[in-house]
Amino acid sequence: MLTTFTVPTNEEALTGLAKETGLALKQAGLMAAVAESCTGGLVGHLLTEIPGSSAWFLGSAGVYSYRAKEKLLGVDHARLQREGAVSAAVAGQMAAGALRLYEADVAVSITGVAGPGGTAEKPMGLVYFHLAASDGASQAEKAIWPADRRGNKLLSAQFALDMLRSYAADRQIT
């Protein structure tokens, strides 16, 4: 679980990281996709702010509802009913679904409780991330952000971008 963070001030504060992510993906020859729930398309938006992003970004599935997660990404209905959308298992199925849907090399998913609200079991700021790749790589992460709704969304986008950037940087073509 993550414990340190810097809350971005706005979307523009993340465009540098989005550009770094795109450069790393391009240098690694990778095409990426995103499955977003609590971020509502923010990661896809940030990536497409970078000119030429079609060279390394395929798309983002904004899957806010259970139905969208099931229909677009193939998330298991019974699992959603049993565990809820905010779980490590659902994040894993979302990433695998985006990988398959977009025929991507790498996909990252984000699902959580941006706020306000939440429960003792799933508090505001709880977010699950999952990175899945066509080479079999898989990485699951969990965060509990202490910000407001906007801050939690920005922090989640920042972390998802960094997951993609880090994966691609480790696979750059020399």
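About its Cα centre, how strong a charge dipole does the range 1-96 have in debye, to the nearest 20, once Lys and Arg get +1 and Asp and Glu get -1 at the Cβ?
Numbers: 7 positive and 8 negative charges, 60 e Å.
In debye, rounded to 20, the range 1-96 gives about 280.
Compute the signed sum of charges (Lys and Arg +1, Asp and Glu -1) over the other residues within less than 14 Å, Cβ to Cβ, of GLY115.
Charge balance near GLY115 sits at +3.
Quick one: 3J(HN,Hα) in Hz for the range 30-41, Karplus 6.51/-1.76/1.60 with θ = phi - 60°, rounded, Gly and Pro as x.
Those phi angles translate into 10, 10, 10, 9, 9, 10, 10, 10, 5, 8, x, x Hz.
Can you tell me the dipole magnitude for the chain around its Cα centre, using point charges on the Cβ only (Lys, Arg +1; Asp, Glu -1), in Debye to the nearest 20?
Result for the chain is approximately 320 debye, rounded to the nearest 20.
Just want to confirm a number: the relative contact order over the chain, from Cα pairs under 8 angstrom separated by 6+ residues, in percent.
On the way: 371 pairs, mean separation 49.0, N = 174.
Relative contact order here is 28 percent.
Could you point to the residue in ALA32, SER166, LEU155 farthest towards the positive end of the range 18-174's charge dipole, with +1 and -1 charges on the Cβ of Lys/Arg and Asp/Glu respectively?
LEU155
If you take every DSSP beta bridge whose two residues both sit in the chain, what share of them, in percent to the nearest 5, is antiparallel?
Counting DSSP beta bridges with both partners in the chain, the antiparallel share is about 60 percent.
What's the ranking of 87-93, 59-65 by average number of surrounding C-beta atoms within 10 Å, highest first? Provide the component values of the computation, followed by the final result.
Working: 87-93: 21.3, 59-65: 19.4.
Order by mean packing, descending: 87-93, 59-65.
Per DSSP H run of n ≥ 4, the term is -39500 (n - 2.57); total these for the chain, divide by its residue number, and report the mean residue ellipticity at 222 nm rounded to 500 deg cm²/dmol.
-13000 deg cm²/dmol, from helical runs alone.
Considering the Cα trace of the chain, what is its radius of gyration and what is Dmax, both in angstroms?
14.8, 48
Less than 12 Å apart at the alpha-carbon level, and either on another chain or at least 8 residues along: which aspartates and glutamates does that give for LYS122?
Within the straight-line cut-off, LYS122 pairs with GLU83.
If Rh is defined by the Kirkwood formula over all Cα pairs and Rg also comes from Cα, what ratio Rg/Rh do you get for the range 12-84?
1.07
Laboratory data are not the source of any read-out in this text; all were calculated from the coordinates shown. Please read these numbers as outputs of a predicted model, since none were measured by experiment. As a convention, Cβ positions derive from the backbone with ideal geometry for all residues, glycine included, and neighbour counts pool all protein chains shown.
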